[in-house]
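To start, the structure itself, in structure tokens.
Here, each number is a calculation from the coordinates, and none is a lab measurement. None of the values given here were measured: they were computed from a predicted structure. Cβ placement follows ideal geometry from the backbone for every residue including glycine, while neighbour counts extend to all protein chains displayed.
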Amino acid sequence: MRLDITRQPLSITILLSFLLLACFWSSYGLCPPPEALYAAPESMPLGAVVESLVAHIPWLGYVITTLFLFTNAMLITQIASRNMLYITRSYLPCVLYLAAACGIIMPAASLGATIAAYLVLKGFEYLTLSFSRTANFDCLFRGALVIGLAVLFHVPAIVYLLLVLIALLHFQRSGREALVALVGMALPIVVCGYIYWSMGEGFTHIFTKIYDTVRTSDGFRLFDPHSGISRIVIMGLWALLLLMAIGSFATMARNMRTRARKIQQFAIWFLVIAVGMLVLPCNSAGDLPLVAIGVALVAPTFFARYTGIFPPLFYLLLLLASIVRGFLPF
């Protein structure tokens with residue numbers, strides 16, 4: 001009997017999701033991570049506000065972050081299914097998102113980054129909806145607006161502003177649509193600058209804050225050769241999976257429907273930007289919910305393309321490594 005993991009039932013998906021979210025909760029009390037793995041305090045205005053609200057109730061921050069992580073996982077699955085990215089509808093993006101977000105390192109609660117991940121994902125959804133034969137100002141404006149808003153929660157999300165520009169070119173939008181999207185992208189930051197100005201700061205204070213935060217490093221590096229054998233192994237597994245997924249897409253792209261092919265290419269651009277975010281000086285352990293979006297959108301392509309014993313074994317190995325890494329960091 002052939003094991004088709006792309007058709008795993010919802011019950012198995014929920015069970016695996018709980019296990020992976022337990023890896024995240026293990027950093028709260030079961031086996032807390034070293035101080036270096038804690039996400040740096042948010043310096044962006046909205047991120048600082050939401051984290052200050054739960055600063056004295058740590059478990060509440062973990063609960064809200066968990067809800068956003070699960071919401072992001074289900075939203076990715078919905079986007080993939082709506083656009084038929086993997087030939088067949090599958091719950092794989094949900095599991096792979098949580099494995100990438102919670103199972104690579106011992107994460108510490110970063111509510112601002114997880115909210116930013118949700119906003120970026122909603123922006124990606126709106127931008128994909130803008131792919132149509134007619135002008136679609138509404139979806140472009142909303143997508144650009146929420147991605148711009150994400151920067152005010154977590155500054156590394158600033159790299160995803162490139163996603164708006166790529167969408168305009170990749171989906172061949174008109175000049176008027178581009179103008180609307182650029183206005184939406186800039187609006188949250190401009191409004192924040194006006195609020196700072198009304199409080200007695202300069203209008204450019206928010207721009208200075210973004211620049212200084214991007215240049216500030218807390219010493220964390222995801223690709224650290226001294227981080228331990230388990231992180232190196234699991235990062236190698238994810239890198240191999242993504243390379244196989246992109247190769248799988250290249251072999252099947254010409255047989256895909258135009259919309260599915262265009263959205264999958266856009267998802268690969270998302271992944272490229274996510275990897276680029278990791279080279280920013282300000283990157284931290286809290287960035288993984290953002291990076292995991294691109295991973296979860298692209299990785300299932302390999303499992304949908306190939307059958308046999310190797311894909312299920314690789315999937316099980318990846319999940320096992322993520323869960324073991326989550327509970328027993330070494």
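Worth a mention:
- Ranked by how many other beta carbons lie within 10 Å on average, peptides 141-149, 275-283, 70-78 from highest: 141-149, 70-78, 275-283
- Translational diffusion coefficient (Stokes-Einstein; Kirkwood radius from C-alpha pairs) of the chain at 4 °C, 1.567 mPa s, in µm²/s: 64
- Net length gained if the chain between Ala48 and Leu237 were fully extended (0.36 nm per residue, minus Cα distance): 64.6 nm
- FRET efficiency, Leu278 to Ile57 (Cβ-Cβ, R0 35 Å, nearest 0.05): 0.70
- Ranked list, fewest to most other Cβ atoms within 10 Å of each Cβ, for Tyr126, Tyr211: Tyr211, Tyr126
- Simple label model, 7 Å out from Cα along Cβ direction - Arg257 to Leu10, nm: 2.2
- Region 97-152, Rg to Rh (Cα coordinates; Rh as Kirkwood inverse mean 1/r): 1.13
- Label-to-label distance, nm, for residues given as Met74 and Thr216 (7 Å Cα→Cβ offset): 3.5
- Over the chain, Cα pairs under 8 Å with separation of 6+ residues give a relative contact order of 29 percent.
- Among the trypsin sites (Lys or Arg not before Pro) within region 227-330, those in coil by DSSP and having at most 13 neighbouring Cβ atoms inside 10 Å are Arg257.
- Label-point gap, in nm, between Gln172 and Phe207 - each point 7 angstrom along Cα→Cβ: 3.5
- Note on the chain: with a GNM built from Cα contacts shorter than 10 Å, the maximum mean-square fluctuation among Ser90, Ser198, Ser81 falls on Ser198.
- The length gained on full extension between Arg82 and Leu179, counted as 0.36 nm times the residue separation minus their Cα-Cα distance, comes to 32.2 nm.
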